[in-house]
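Since the structure comes first, as structure tokens, the remarks are kept for the end.
No value in this document is a laboratory result; all are computed from the given coordinates. Just so we're clear, the structure is a prediction, and the values are computed from it rather than from any experiment. Cβ placement follows ideal geometry from the backbone for every residue including glycine, while neighbour counts extend to all protein chains displayed.
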Amino acid sequence: MCEIEWNDETVTPLIDENRYPNGANSPTRHAEYPCPCGKGRIVFEHVIGFGDTCAFIKCRRCNKKYDTVLGCGHLWELEERE
């Protein structure tokens with residue numbers, strides 16, 4: 001677990017929108033959150049109707065320090081690497 005609690009409920013999204021509205025007859029939810037260092041982003045996408053979900057870190061610094069975890073009581077959360 002991170003020293004700080006960093007997840008979809010503790011961080012305000014920078015972007016939260018539906019994309020690709022005609023793809024597979026349902027939109028893809030795309031959200032971007034700031035990463036802990038503030039220089040990158042955490043990207044979250046969920047394909048509604050298929051249940052496909054992904055979250056990844058777009059920051060070299062935080063990508064070395066954290067992993068994203070899905071389905072952990074939140075949509076996503078960061079976990080510190082050992």
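3J(HN,Hα) along segment 28-39: 9, 7, 10, 9, 10, 10, x, 7, x, 7, x, 9 Hz, from the Karplus curve 6.51 cos²θ - 1.76 cosθ + 1.60 with θ = phi - 60°, whole Hz, x for Gly and Pro.
For residue 48, the residues 5 or more places off, or on other chains, whose built amide H falls under 5 Å of its own are 29.
In sequence order, segment 11-20 has phi-based couplings of 10, 7, x, 7, 9, 8, 8, 8, 10, 6 Hz under the Karplus curve 6.51 cos²θ - 1.76 cosθ + 1.60, θ = phi - 60°, and Gly or Pro positions carry x. What translational D, rounded to a whole number of µm²/s, comes out for segment 16-68 from Stokes-Einstein when the hydrodynamic radius is the Kirkwood one over Cα pairs, at 37 °C and 0.692 mPa s? The calculation lands on 277 µm²/s.
For chymotrypsin sites (Phe, Trp or Tyr not before Pro), the sites in segment 2-82 that DSSP calls loop and that have at most 16 other Cβ atoms within 10 Å are 50.
Residues whose amide H lies under 5 Å from that of residue 40, counting only those 5 or more places away or on a different chain, are 35; hydrogens are built 1.01 Å from N in the peptide plane.
Note: relative contact order over segment 15-80, using C-alpha pairs below 8 Å and six or more positions apart, is 20 percent. In order along segment 65-82, the phi-based Karplus estimate (6.51 cos²θ - 1.76 cosθ + 1.60, θ = phi - 60°) of 3J(HN,Hα) comes to 9, 10, 10, 8, 10, 9, x, 10, x, 10, 5, 7, 8, 8, 10, 6, 6, 8 Hz; Gly and Pro are listed as x. When trypsin sites (Lys or Arg not before Pro) are flagged only if DSSP places them in a loop and at most 14 other Cβ atoms lie within 10 Å, the longest unflagged stretch of the chain comes out as 40-80.
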